Amino acid sequence: MYNTLNNKEDISLVSNNFGFLRLPVHFNPVDTDAEWVITGVPFDASVSGRAGTRFGAEAIRRASVNLAWEHYRFPWDFDVRERLKIVDCGDLVYSFGDNQNFVEELEAHATALLKAGKRCLTFGGDHFITLPLLRAHAKHFGKLAMIHFDAHTDTYENGSRYDHGTMFYHAPKEGLIDAAHSVQIGIRTEFDRHLPFTVLSAPQVNDDSVETTVAKIKEVIGDLPVYLTFDIDCLDPAYAPGTGTPVCGGLSTDKALKILRALKEVNIVGMDLVEVSPAYDQSDITALAGATLALEMLYMQGAKKG
């Protein structure tokens with residue numbers, strides 16, 4: 001066990017027996033030629049509902065084996081493993097019970113990867129992990145736009161310093177994201193309508209065409225570099241029961257995938273998928289949805305190199 005990612009002999013990562021999509025596992029991702037690095041983050045100390053998302057990355061990796069046999073992933077016409085250099089570097093290690101240490105470790109990990117020219121796809125863990133990731137990405141890219149799929153806006157002012165419902169209250173105040181150029185998709189819980197985020201509610205997105213939704217997203221984000229964060233509870237519990245705060249009336253997996261595909265030309269510089277909680281899953285429905293969405297995110301990046 002090590003504590004930071006400052007040099008090749010000082011890596012705070014552990015691994016399961018296999019990587020996402022059976023990709024190679026590298027404990028020293030900075031020293032590889034990878035373009036995209038997958039990291040699991042087993043953290044769920046900031047949840048307001050049911051705990052268990054610390055096992056989310058493990059479940060996503062396990063479910064991804066069901067996707068590994070395909071070469072050309074439908075409906076794409078290429079194999080992303082042949083177009084992108086991707087590695088899985090295992091799970092972040094931090095001092096359990098020490099939330100501040102977790103924040104510091106994750107930010108340092110992402111900072112080191114970005115400095116080395118890599119891009120990050122991160123599996124939660126609860127949604128609080130996005131805040132230290134945004135800090136690392138903002139240091140590297142400057143102020144970001146954000147595309148945020150969720151049932152909740154996570155802009156709540158109340159709560160503790162470590163709370164998975166407050167990240168996007170703090171992020172604009174820290175200058176990490178431009179709320180006026182950020183869009184939240186699938187929202188179906190109470191939110192402050194005076195905040196500058198553009199909110200596309202779940203009923204609105206479900207009623208609108210994919211083309212209409214995507215046009216609104218692109219209009220909002222403008223030309224800023226974009227961070228994409230996907231909370232699995234954006235999906236209706238029929239498609240993702242295994243999460244800590246499920247809310248009925250969400251998006252279908254099909255609609256979410258279609259929206260992602262239509263964003264392939266957007267300048268997305270970092271991505272995460274969070275809040276898969278396998279203890280509440282049924283037949284790995286949620287884990288498979290998470291793995292499929294994550295793979296779609298990688299195909300979005302691979303499409304840019306066609």
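Run the accessible area of the chain with a 1.4 Å probe and give the carbon-and-sulfur part as a rounded percent.
Accessible surface attributable to carbon and sulfur in the chain totals 49 percent.
The eigenvalues of the Cα gyration tensor, multiplied by 5 and square-rooted, give segment 64-217 an equivalent ellipsoid with semi-axes of 26, 25, 15 Å from largest to smallest. The fraction of Cα-Cα pairs per 5 angstrom bin, counted from 0 for segment 15-83, comes to 3, 14, 19, 21, 18, 13, 8, 4, 0 percent, rounded to whole percents. Accessible area per residue for the chain is 40 Å², calculated with a 1.4 Å probe on protein heavy atoms, without ligands, DNA or RNA.
When P(r) over Cα pairs in 20 Å bins from 0, in percent is calculated directly from the model, which label among (1) 32, 56, 12, 0; (2) 37, 61, 2; (3) 34, 61, 6 fits? Given (1) 32, 56, 12, 0; (2) 37, 61, 2; (3) 34, 61, 6, the calculated one carries the label (2).
If you run the Gaussian network model on the chain, springs between alpha carbon atoms under 10 Å, then out of 264, 173, 143 the most flexible one is 173.
Can you find, among 185, 125, 137, the residue sitting farthest towards the positive end of the charge dipole of segment 86-198, where Lys and Arg contribute +1 and Asp and Glu -1 at Cβ? Result: 137, furthest along the dipole toward the positive end. Across the alpha-carbon atoms of segment 106-186, the computed radius of gyration and Dmax are 12.3, 37 angstrom. Would you list which lysines come within 28 Å of residue 139, measuring only between C-alpha atoms, while excluding same-chain residues fewer than 8 positions from it? In chain and number order, the partners are 8, 85, 115, 118, 173, 216, 218, 264, 304, 305.
Under a Gaussian network description of the chain, with springs only between Cα atoms under 10 Å, the residue in 170, 152, 71 that fluctuates furthest is 71.
Averaging Cα coordinates gives a centre for segment 235-281 and one for segment 43-100; these two points are 13 Å apart. Annotation: peptides 207-216, 283-292, 126-135, ranked by per-residue average of other Cβ atoms within 10 Å with the highest first, follow the order 126-135, 283-292, 207-216.
Mind jotting down a quarter of the surface of the convex hull over the alpha carbons of segment 186-306, in square nanometres, one decimal? Don't skip to the answer; put the middle values down first.
Values: hull surface 30.8 nm².
The Cα convex hull of segment 186-306, projected and averaged over all directions, gives 7.7 nm².
Using a 1.4 Å probe and counting only protein heavy atoms, arrange 161, 119 so the residue with the most accessible area comes first. List each step's numbers first, then the result.
Details: 161 165, 119 65 Å².
Listed by decreasing accessible area, they come as 161, 119.
Close amide-amide hydrogen proximity is noted between residue 120 and 37, 271, each under 5 Å apart and 5 or more residues distant or on a separate chain (H modeled in the peptide plane; Pro and chain starts excluded).
The values are calculated or read from the model by the stated rules, or taken from the named source; none is laboratory data. Predicted model only: the values in this text are computed from it and were never measured. A quick note on method: Cβ atoms are made from the backbone with ideal geometry, for glycine too, and the neighbour counts reach across all protein chains shown. Side chains included, ligands, DNA and RNA excluded: accessible areas come from the protein's heavy atoms. Shrake-Rupley method; radii C 1.70, N 1.55, O 1.52, S 1.80 Å.
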